[in-house]
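The values are calculated or read from the model by the stated rules, or taken from the named source; none is laboratory data. None of the values given here were measured: they were computed from a predicted structure. Please note: Cβ atoms are built from the backbone with ideal geometry, for glycine as well, and neighbour counts cover all protein chains shown. In case anyone asks, the SASA skips ligands and DNA or RNA and just uses the protein heavy atoms, side chains included. Shrake-Rupley method; radii C 1.70, N 1.55, O 1.52, S 1.80 Å.
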Amino acid sequence: MKIAMVGSGYVGLVSGACLADFGHDVVCIDKDQSKIDRLLEGVMPIYEPGLDALVESNVKAGRLSFSTSLADGIAGAGAIFIAVGTPSRRGDGHADLSFVYAVAREIGQSLANDAVIVTKSTVPVGTGDEVERILAASGTPHRFSVVSNPEFLREGAAIGDFKRPDRIVIGAEDDFGREVMQEVYRPLFLNESPMLFVNRRSSELIKYAANAFLATKITFINEMADLCEKVGANVQDVARGIGMDNRIGSKFLHAGPGYGGSCFPKDTLALLKTAEDYESPVRIVEAVVKVNDSRKRAMGRKVLDALGGMDAARGKKVALLGLTFKPNTDDMRDSPAIAIAQSLIDAGVQVAAYDPEGMEQARPLMPDVTMTDSPYDAIEGADAIAIVTEWDAFRALDLNRVKELARAPVMVDLRNIYKPDDMRAAGFHYSSVGRD
Ligand code: UGA
């Protein structure tokens, strides 16, 4: 089947390349000429493990192409995916749908055959109805159906998540929509990935409910971690102990500096906005957002405590290891590192940082932080080292070299990647999250 993917950002590009790999004929469309030019040269606009090779092999096989023209790209496509951004609207946290609606209008004007229009962008409940209205108002003579098909891709693991999903959610209102989507995902269905067919509004809400639930799980274990520190318990043991209960599940129970990224912060806020609009409060999610926001600066205070408190910290130097909101991405959006670095700088601390992929994105967001070429360069002369992101590169640091380079062997491990006993035996003043 010919498939058009409108929007060649993170979601569009990963989904387009994977669908091409299944054997479909995919055109990825983007208005940004320079992005398309770079893609044609094989340069990826984002860092995602395995994406460059996947794009290259499918371009070579003639299944994946790129275009800046929506009209050309959608001609002959049986499924047209909308995968453009839905950023938080400034001021009210509502998802900004102007890009989605603009694309819907353009599709309406250019549609040259019957097609299913699929919203893959994360969109609030009711957006599919509006897309349908826009297409109907365009007066297109062709048959169309508007379907919701949210993505559940994790940055850094997106290709695996697309090809081996826990489930595929499809919100369709008619047989045309359902049948075309079945054809799109047939290769996955043969691999026994369950396809869940629901109505469009349920599908739109599933996406937000899933992200809000995961954000809640993380925030819950983060607060348990604080309690563990007070009562002398170990949060990793607590997480294991509750996670072995299948009703709870062991995933997303890693305590840390708070969730960040392009999805959880934005989607929890958008869900709150929907709940407010429909006068159906989701108080748990309200609390999650507040707790997570305050946690980021609280982690800065934890580092200051390790330096001996606010007064003692002034003029000292901290090495931040890891800046991105999680490993295997260069994404800095809403990363806890930003608030942590700022709270240290506000306290008169000098901050040097190293991140394997994120420094280019981080620079403009953290102008007062000195970026270095390696973890050891950041550590040189530091009075404390804080691990903010659990990159593999930080899991086996040469601890003797670290001790030699640092001014003091103080480590604050905000991702719990080292064992407290080992670190103490190695001569570190070591603190972590929710453990002795
Ligand atoms: C998240 C969801 O996991 C995806 O299913 C979803 O498709 C995506 O949002 C989206 O809406 O597009 P992502 O933001 O890439 O994916 O990253 P996650 O791996 O979910 O991590 C989010 C944040 O939670 C990170 O800051 C991470 O460090 C933190 N986290 C995660 C924890 O602190 N503890 C955990 O146990 C898990």
**Request:** Report yes if Pro265 is open to solvent by less than 30 Å² (accessible area, probe 1.4 Å), more than 24 Å from Val146 (Cα to Cα), touching a residue at least 12 places away in the same chain (Cβ under 8 Å) and assigned to a helix (DSSP H, G or I), otherwise no.
**Result:** yes
Of the listed residues (Leu214, Leu227), the one being in a helix (DSSP H, G or I), aliphatic (A, V, I, L, M) and away from the ligand (no atom under 12 Å from the Cβ) is Leu227
Over the stretch 161-187, the set of residues within 21 Å of Leu51 (Cα to Cα) and open to solvent by 20 Å² or more (accessible area, probe 1.4 Å) is Asp161, Lys163, Arg164, Pro165, Asp166, Pro187
Checked the stretch 119-174 for anything among the β-branched types (Val, Ile, Thr), assigned to a strand (DSSP E or B) and more than 16 Å from the ligand (Cβ to nearest atom); matches are Val146, Val147
**Request:** Might you check whether a residue that is among the polar types (S, T, N, Q) and more than 18 Å from Val14 (Cβ to Cβ) occurs anywhere in the stretch 72-86?
**Result:** no
Across the stretch 413-436, the tally of residues that are within 16 Å of the ligand (Cβ to nearest atom) and not in a loop (DSSP other than H, G, I, E, B) stands at 2
Residues of the stretch 287-339 being under 21 Å from the mean Cα position of the chain (by Cα) and basic (Lys, Arg), in sequence order, are Lys290, Arg295, Lys296, Arg297, Lys326, Arg333
- Message: Criterion first (within 13 Å of the ligand (Cβ to nearest atom), modelled with pLDDT under 95 and either open to solvent by less than 40 Å² (accessible area, probe 1.4 Å) or farther than 27 Å from Ala239 by Cα (or both)) does Ala255 satisfy it?
- Response: no
Only unsatisfied item for Glu192, checking (1) within 21 Å of Leu54 (Cα to Cα); (2) outside any helix (DSSP H, G or I), is (1)
**Message:** So for the stretch 353-369 (the condition being in the same structural domain as Val402 (by TED's automatic domain parsing), at pLDDT 95 or above, more than 21 Å from the chain's Cα centre (by Cα) and open to solvent by less than 40 Å² (accessible area, probe 1.4 Å)), does at least one residue qualify?
**Reply:** yes
Of those in the stretch 377-409 that are of a type in the set (A, V, I, L, M) and open to solvent by 20 Å² or more (accessible area, probe 1.4 Å), the residue nearest to the chain's Cα centre (by Cα) is Ala393
Hey, any hits in the stretch 211-231 for a residue that's open to solvent by 30 Å² or more (accessible area, probe 1.4 Å), on the phi < 0 side of the Ramachandran plot and touching an Asp or Glu at 6+ places or on another chain (Cβ under 7 Å)? no
- Go through the residues of the stretch 313-328 one by one and say whether even a single one is under 24 Å from Ala225 (Cα atoms), aromatic (Phe, Trp, Tyr) and at pLDDT 95 or above. yes
Note on the stretch 34-83: residues open to solvent by 30 Å² or more (accessible area, probe 1.4 Å) and under 22 Å from the mean Cα position of the chain (by Cα) are Lys35, Val43, Met44, Pro45, Ile46, Tyr47, Pro49, Gly50, Asp52, Ala53
Among the residues of the stretch 132-149, are any touching a helix residue (DSSP H, G or I) at 6+ places or on another chain (Cβ under 7 Å), closer than 28 Å to Leu54 by Cα and at pLDDT below 95?
no
Residue pairs within 6 Å by beta carbon, gap of at least six or interchain, first lying in the stretch 136-155 and not assigned by TED's automatic domain parsing to the domain that holds Pro327, second away from the ligand (no atom under 12 Å from the Cβ) and hydroxyl-bearing (Ser, Thr, Tyr), listed first then second, are Ser148/Thr119; Ser148/Ser203
All conditions in (1) outside the structural domain of Val125 (by TED's automatic domain parsing); (2) surrounded by fewer than 19 Cβ atoms within 10 Å (Cβ to Cβ); (3) over 29 Å from Gly358 (Cα atoms) are true of Asn191 except (1)
With criteria (1) open to solvent by less than 10 Å² (accessible area, probe 1.4 Å); (2) within 24 Å of Lys163 (Cα to Cα), His24 comes up short on (1)
The number of residues in the stretch 197-210 that are open to solvent by 40 Å² or more (accessible area, probe 1.4 Å) and within 10 Å of the ligand (Cβ to nearest atom) is 0
Being β-branched (Val, Ile, Thr) and in a loop (DSSP other than H, G, I, E, B) is the requirement here; does Ile36 meet it?
no
